[in-house]
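One structure is given here, and the rest of the page talks about it.
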């Protein structure tokens, strides 16, 4: 095993009372106060996440579009400068290498954001498929990534930049000055569904910008937020987490990601996935809510009324906002329709749940 890395502001998070745990090859703050408090802070006001463990690549040169069209499932040719696309990397066997964001910086220049646990894997996969002469640069160790999320996020961040943040639509970005630092990517994607922005900061300015964000957010009672609340926030919005809800064994069609799988172009696994879309799949990723009391957890069996196993939970929690158990999981397609009764096997007991339409809120 390779050594677990520290993110650049490791000591800052310890000083803020962060409980540090290993996650995706990095020591990361999982919480500072409680998952519940931090969850509500983001839903109701504003919180800031340090997610500097994420990976960033620059793909550039004349072959960059052709390379990205081949390795990603979405249609990169539809991007214009300043726009972002959610996509995935098919693995050549019908599964998913990773899900990622593709930013179009300029003609023949793209910025990719990938999951921390997959940085090396993604780099090797894209490199292996780079028969197009595109230039590749891994800048993961050079940048910090902060996500300012919640209904007051724009008000906080607007204090620190002259860029009009209200002009940056969802899945768009601008490059501007933040806390006196020029050339900062300000992007509106979000993994909480609470609104807000992500900012990519060169490591040497990270502490200064982090402190400036916390200072600017004081009037809104801004809080640093850990990975615990990040997970419950994303689950309430039905966002997939790589390694839980999608992985090398699940296809984007099974995972409900047909909307990022575009057959207007040729790409890795094009034929396999197009056939799945036409013919159908045997299992589907669904959302469900608990009807009886119980907290669903990853890997718990999903059963029919007779106790026959029909799938498994991939993500589950007690929803802090809704006050009941929610989850996602793969089930046999015969049980995937909304309002279907299912049962989660919790400590050998069948606990009733119901398939619901995502997102949960």
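Where a number appears in this text, it was derived from the coordinates with a stated rule and is not lab data. This one's a predicted model, so the numbers in the text were calculated from it and none came from an experiment. Glycine also receives a Cβ, built like all others from the backbone with ideal geometry; neighbour counts cover every protein chain displayed.
For segment 310-361, the calculated P(r) over all alpha carbon pairs, in 10 Å bins from 0 to the bin holding the longest distance, is 22, 61, 17, 0 percent. Between rounded, prolate and oblate, where does segment 112-159 land on the alpha carbon gyration tensor, with a ≥ b ≥ c its root eigenvalues, rounded for a/c under 1.5, else prolate if a/b exceeds b/c? Note, shape of segment 112-159 comes out prolate. With 5 Å bins beginning at zero, the pair-distance distribution over Cα atoms of segment 1-95 amounts to 2, 10, 15, 14, 12, 13, 15, 12, 6, 1 %.
Taking packing as the residue-averaged number of other Cβ atoms within 10 angstrom, the listed peptides 143-156, 56-69 run from highest to lowest as 143-156, 56-69.
May I ask you to derive the relative contact order of the chain, considering only C-alpha pairs under 8 Å and at least 6 residues apart, and to give it as an integer percent?
Across the chain, relative contact order equals 17 percent.
For the pair segment 222-253 and segment 1-55, the centres of their Cα atoms are 15 angstrom apart. Pair-distance distribution P(r) for segment 55-116, from all Cα-Cα distances in 5 Å bins starting at 0: 4, 20, 32, 27, 12, 4, 1 percent. For the peptides 23-29, 191-197, residues were scored by their other Cβ atoms within 10 Å and the scores averaged per peptide; the highest-first order is 191-197, 23-29. Across every direction, the projection of the convex hull enclosing the Cα atoms of segment 96-238 has a mean area of 9.6 nm². Net length available on complete extension from residue 78 to residue 167 is 30.0 nm, with 0.36 nm assigned per residue and the Cα-Cα distance removed.
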